[in-house]
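Colleague: Below: one structure in structure tokens.
Just so you know, all these numbers are worked out from the coordinates, no wet-lab data involved. None of the values given here were measured: they were computed from a predicted structure. No Cβ is skipped: glycine too gets one built from the backbone with ideal geometry, and neighbour counts run over all protein chains shown.
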Amino acid sequence: MKFKALAARFALVLSCVLMGTTPAAAQFWQCAPYARSISGIDIHGNANTWWGQAAGRYARGKAPKVGAVLSFQSSGRMRLGHVAMVSGVVSDREVKLTHANWSRRGGIERDVRAVDVSAAGDWSMVKVWYAANHDLGTSAYPANGFIYSDGAAKGGDVDPLPPVTMASNAKNAGILSLVNRTAF
């Protein structure tokens with residue numbers, strides 16, 4: 001019985017120590033607040049409402065442009081939609097996206113590949129890089145198009161947090177594993 005009490009106390013002390021060492025970059029981002037903070041497009045609410053809210057406030061279209069936000073529709077796998085900022089244009093059918101909460105819950109990904117796979121070439125169906133595959137994901141997602149930030153009021157002096165990176169050594173990997181299991 002003494003051993004169980006000692007083990008429980010040790011676990012409690014260890015968890016307190018680990019909570020104190022959680023890096024500041026461990027904030028978990030949702031896609032909409034992150035896209036707003038880096039694009040300057042001042043729209044609030046779930047990602048699936050952005051396209052409609054942009055009407056009359058921001059220009060919208062089907063051509064990719066750096067700084068624009070790609071608006072994904074609600075779907076079975078993304079019931080709240082998704083938004084991601086275009087950080088680079090590779091071609092009329094391929095862009096680089098910077099976004100949050102895609103491959104890893106709450107994580108930030110920068111300059112990842114997204115490809116228009118629609119038959120019409122109008123960005124209505126998109127495949128996006130997925131970390132687990134180290135390539136494009138296997139699913140295609142319906143998209144509304146691009147919301148352009150030109151003329152939008154910039155969102156103050158918000159500096160996005162750096163992305164959460166996975167530790168490479170065993171000690172830090174164990175800490176991050178424990179933090180990731182308890183953070184949700």
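Colleague: In 5 Å bins starting at zero, report the fraction of Cα pairs in segment 27-153 per bin as a rounded %.
Modeller: 2, 13, 23, 28, 22, 10, 2, 0
Colleague: Here is a follow-up. Residue 136: net charge of surrounding residues, Cβ under 12 Å, Lys/Arg +1, Asp/Glu -1, itself excluded?
Modeller: -1
Colleague: Now for a different question. Give me the aspartates and glutamates in straight-line cross-link reach of residue 62: C-alpha distance below 19 Å, same-chain residues under 8 apart excluded.
Modeller: 92, 94, 116, 122, 150
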